[in-house]
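Encoded as structure tokens, the structure appears first; notes follow it.
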Amino acid sequence: MAKFVIQKSGPLEGVVEISGAKNAVLPILAATLLSSEKCVLEGVPALKDVDIMCDIIQALGVSVNRSIEESKVEIDASVINTSRAPDHLVEKMRASMVAMGPLLARMGKAEIHLPGGCAIGDRPIELHLKGLKALGAEIDISENGLVKGKTDGLVGTDIYLDFPSVGATENIVMAACLASGTTLLENAAQEPEIVDMCNFLNKMGARIKGAGTDTIKIEGVKSLRGARHVIIPDRIEAGTFMVAAAITRGTILVKNMLPDHVKPIIAKLRECGCDIFMTPEGVVVDASDRELKSTDIKTLPYPGFPTDIQSPFMALLTTVEGHSTVIETVFENRYMHVRELNKMGADISVKDRCAIINGGRPLKGTNVLATDLRAGAAVVLAGLVAEGVTEVSQIYHIERGYENFVEKITNLGGIIKRVDD
Ligand code: UD1
């Protein structure tokens with residue numbers, strides 16, 4: 001199994017270019033199943049999760065032509081042979097479930113095993129299924145966890161989500177695009193990735209209004225055409241590199257990012273004492289030669305502080321003198337990085353959803369686990385400032401979501417190597 005070996009590095013300095021958003025490209029790949037015409041996606045990052053989604057689509061009989069060099073995928077879903085997504089692929093990634101809505105809408109049938117992915121909580125899918133049922137799908141879950149859906153035709157309706165789930169919003173919007181009549185989805189997720197997916201669907205001929213607000217209106221259409229789309233930049237990758245500048249007390253110019261998508265991260269880094277300013281080339285995060293201050297964060301659905309940046313930010317807070325508090329409200333079990341950071345010498349205690357960081361204790365390199373994707377990013381960042389050598393195992397989690405992570409960090413002066421055990 002491969003691992004990262006990281007040495008204490010100086011301040012990260014230089015330029016990093018952000019890749020296309022993982023969480024946008026995954027539902028957009030699923031959305032291509034809604035049309036029998038060719039779709040072309042650009043800015044597609046080379047990530048394990050993207051590989052899995054491409055493999056799932058291909059296994060359904062769809063032609064997928066991918067160029068890693070050009071970050072481009074061409075999908076021709078004129079033929080779909082089966083509505084059953086392969087179990088061995090689905091169990092690797094929770095986002096596989098977003099193929100359910102498009103398959104039901106296009107084929108009248110979908111069979112997908114209960115999904116896998118990062119172990120950051122129970123992550124049930126009842127909101128996805130409740131929405132699809134409201135649109136007229138019949139859904140059964142067999143004893144071995146196969147979710148079987150079928151419909152003679154979806155019909156638009158009013159749906160209220162008990163929680164603004166990202167995946168449920170995506171599934172319901174995609175299914176509603178080919179339903180007869182109008183769907184009004186309330187308490188919808190407002191993440192930029194939802195907006196990107198809806199922009200893509202509208203290019204395909206869908207009639208969606210309100211994406212990016214809590215109420216999305218979808219007027220069903222008979223069919224969707226092919227479309228070309230460039231994926232938005234990954235705000236979580238951007239946030240991770242902004243935090244990398246802060247934790248190493250460096251200065252990074254982050255290119256190809258949309259500052260509007262990371263407002264809470266900018267606000268919290270400024271509260272810590274980082275200087276952040278916009279230039280025509282990108283966003284500069286300057287934490288050089290300064291004492292940073294402690295702060296408190298609370299994760300929330302967008303536009304609140306993103307849960308996906310909670311663990312990297314916590315790594316930063318361990319390096320700042322004083323007490324900081326983190327409250328995780330989106331996932332119930334997203335503190336697995338605490339054990340790993342504490343192994344490195346941090347002093348973090350957790351009670352229920354609240355973590356208290358007694359910051360400023362020196363971090364020491366040791367063997368740690370990337371317990372999930374973002375927890376992995378957190379220990380890598382901590383490793384860059386810890387005395388000695390940090391070895392990070394289970395890096396397949398990190399490679400699910402960060403394109404060329406080692407190269408990007410190395411280009412900024414970080415000392416990190418990927419080695420095969
Ligand atoms: C997406 C992102 C993930 C991010 C998360 C929250 C993708 C591929 N992944 O995950 O990176 O951390 O949004 O911003 O886009 N829930 C239920 N029932 C459901 C669905 C969700 O209780 O039917 C709960 C979950 O258990 C979790 C919370 O809602 O506690 C948020 O989940 P959700 O917004 O659905 O996240 P994902 O779409 O899985």
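When the helix-only estimate is applied to the chain (DSSP H runs of n ≥ 4, each -39,500 (n - 2.57), divided by the residue count), what is the mean residue ellipticity at 222 nm, nearest 500 deg cm²/dmol?
-9000 deg cm²/dmol
Where the convex hull is taken over the Cα atoms of region 115-201, what is its projected area averaged over directions, in nm²?
Mean projected area for region 115-201: 6.3 nm², to one decimal.
Using the per-residue mean of other Cβ atoms lying within 10 Å as a proxy for protection, in what order, highest first, do the peptides 100-109, 8-17 fall?
100-109, 8-17
In Å, what is the Rg of the alpha-carbon atoms in region 1-143, and how long is Dmax?
Gyration radius and largest Cα-Cα distance of region 1-143: 17.4, 58 Å.
Please arrange 197, 1 by counting, for each residue, the other beta carbons lying within 10 Å of its beta carbon, fewest first.
The fewest-first ordering by Cβ neighbours comes to 1, 197.
Which translational diffusion coefficient, to the nearest whole µm²/s, is obtained for region 172-315 from the Stokes-Einstein equation, given a Kirkwood hydrodynamic radius over C-alpha pairs, 37 °C and 0.692 mPa s?
194
Within region 82-175, what percent of beta bridges assigned by DSSP are antiparallel, to the nearest 5?
Of the beta bridges lying entirely in region 82-175, close to 90 percent run antiparallel.
If I fit a long axis through the Cα atoms of helix 192-203 and take the longest principal axis of the Cα atoms of the chain, what angle between them do I get, 0 to 90°, rounded to 10?
Once rounded, the angle reads 30 degrees.
Report the gain in length on full extension from residue 214 to residue 58: 0.36 nm times residue separation, minus Cα-Cα distance, nm rounded to one decimal.
52.8 nm
Find the Rg to Rh ratio for region 290-417, where Rh is the Kirkwood radius over alpha-carbon pairs and Rg uses the same atoms.
Using only Cα positions, Rg/Rh for region 290-417 is 0.94.
Return P(r) of region 22-230 (all Cα-Cα pairs; 5 Å bins starting at 0; whole %; ordered from short to long distances).
Pairs per bin, as whole percents: 1, 8, 18, 22, 23, 17, 9, 2, 0.
I need the per residue convex hull volume for region 244-346, using only the alpha carbons, in cubic angstrom as a whole number.
Output value, Cα hull per residue: 97 Å³.
How large is Rg/Rh for the chain, to two decimals, with Cα atoms and a Kirkwood Rh?
My calculation of the ratio gives 0.98.
Within the set 72/130; 8/408; 48/417; 263/293; 109/133, which residue pairs have Cα atoms separated by over 23 Å?
72/130
Given a Förster distance of 35 Å, report the FRET efficiency between residue 327 and residue 148 from their Cβ-Cβ distance, rounded to the nearest 0.05.
0.35
Could you check what % of the DSSP bridge pairs in the chain are antiparallel, to the nearest 5?
Taking every DSSP beta bridge within the chain, about 70 percent pair in antiparallel fashion.
Run the quick spin-label model on residue 82 and residue 387: label points 7 Å from Cα toward the beta carbon, then report their separation in nm to one decimal.
Here the answer is 5.6 nm between the modelled labels.
Quick note: the coordinates plus some simple rules give every number you see, no bench work behind them. Just so we're clear, the structure is a prediction, and the values are computed from it rather than from any experiment. Reconstructed Cβ throughout: ideal geometry from the backbone, glycine too, with neighbour counts over all protein chains shown.
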